[in-house]
Amino acid sequence: MAGSAAAEAGSGARTTPAPRLVVPEPTAWRLPGRTLDVGVPRVMGIVNLTPDSFSDGGDLPTLEAALARAAAMVEHGADLLDVGGESTRPGAAAIPPEEQLRRILPFVREAAIRFDVPLSVDTRSAAVARVALEAGASVVNDVSGLAHDPDMGAAVAAAGAGLVLMHMRGEPATMAGHARYGDVVAEVRSELGQALARAREAGVPDDRIVLDPGLGFAKDASHNWTLLARLHELLALGRPLLLGPSRKRFLGELLAVPPAERAVGTAAACAMGYLAGARIFRVHDVRAVVEALRVVRAVAGAAEAAEERTGEG
Ligand code: HH2
């Protein structure tokens, strides 16, 4: 295909596999009470209820402010909300479960009533997950990929919740020292496979699970770019892919702008991630990303229609 596209382009142009649209299988993510079709792109809006998150720490000091931010995200097209009470930026210390719950629980209770989108809780603590799931959350986003808390898999399985397994090495406090790979894509794929095995062992069914390469977690900028370029190789694990490039340092290093000005870079990374097969995008700037994904889908749809016509002719 790349060859024929190059031939059409003429004048010595060549194409690489990266910009081709990858259409992943499977396309269903089963959550309590509903199945999310992830054949189409889904945007997960970030609600950080932390004083120290790298891009938006302290932005939402009251429950009202958090609910207003969430309402705006849903209005702009967020399909899920991800709430967290612990920053996992490089160097961050762990936050005790009681403090995480103090930060997030009022929001989880209220958001579960107000918004008709699944609520995800970003935590590595089974105690936090259990309480949040009982209060109305339906997904656990575990950035440790079930490596941090040995009770997490059982907590997710018992609630029948959805599970995001993210790739990381070490802990946020130490992960920068683990950013050493031979082939970063092969190693992330293999270690995500181990996380998937931990989930299965704990009784979490495959159709509840999505996988995430963990951009910026024990990865330097070149690792992140390589993972974005070769994301489709992670589809071999057989589960939908979630991507979290939002406002991250590798974008800042390229663009030389502070975190609050990285929405355009984030949207471009999500658009490329979509072409490569990711279907869920965890972002702060929901509107920019929803619009970027709509544009990419329109082009991809037109390309598919053109291909079908060629096939018929
Ligand atoms: N990134 C962050 C936190 N949670 N979860 C998933 N699944 N994927 C990610 O890439 C991811 C994540 C870090 O971003 P943020 O929440 O904005 O910052 P902080 O950890 O400082 O709160």
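Structure values in brief
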read-out: Candidates 185, 210, filtered to the one that is under 26 Å from residue 41 (Cα atoms) and touching a Pro at 6+ places or on another chain (Cβ under 7 Å); value: 210
read-out: Check on residue 123, surrounded by fewer than 22 Cβ atoms within 10 Å (Cβ to Cβ) and out of contact with any Ser or Thr (no Cβ under 7 Å at 6 or more places or on another chain); value: no
read-out: Filter pass, residue 248 being within 16 Å of the ligand (Cβ to nearest atom), at pLDDT 95 or above and within 14 Å of the chain's Cα centre (by Cα); value: yes
read-out: Subset of the range 232-245 that is more than 11 Å from the ligand (Cβ to nearest atom) and in a loop (DSSP other than H, G, I, E, B) - its residue that is farthest from residue 168 (Cα to Cα); value: 238
read-out: Test result for residue 124, among the basic types (Lys, Arg), within 16 Å of the ligand (Cβ to nearest atom) and out of contact with any Gly (no Cβ under 7 Å at 6 or more places or on another chain); value: yes
read-out: Conditions (1) within 18 Å of residue 125 (Cα to Cα); (2) touching a residue at least 60 places away in the same chain (Cβ under 8 Å); (3) of a type outside the set (Phe, Trp, Tyr); number of the one not met by residue 170; value: (2)
read-out: Test: residue in the range 291-309 that is under 19 Å from residue 23 (Cα atoms), modelled with pLDDT of 95 or more and buried (at least 21 other Cβ atoms within 10 Å of the Cβ); value: yes
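The values are calculated or read from the model by the stated rules, or taken from the named source; none is laboratory data. Just so it is clear, the structure is predicted and the values come from calculations on it, not from any experiment. So basically every Cβ, Gly included, is an ideal-geometry build from the backbone, and we count neighbours across all protein chains shown.
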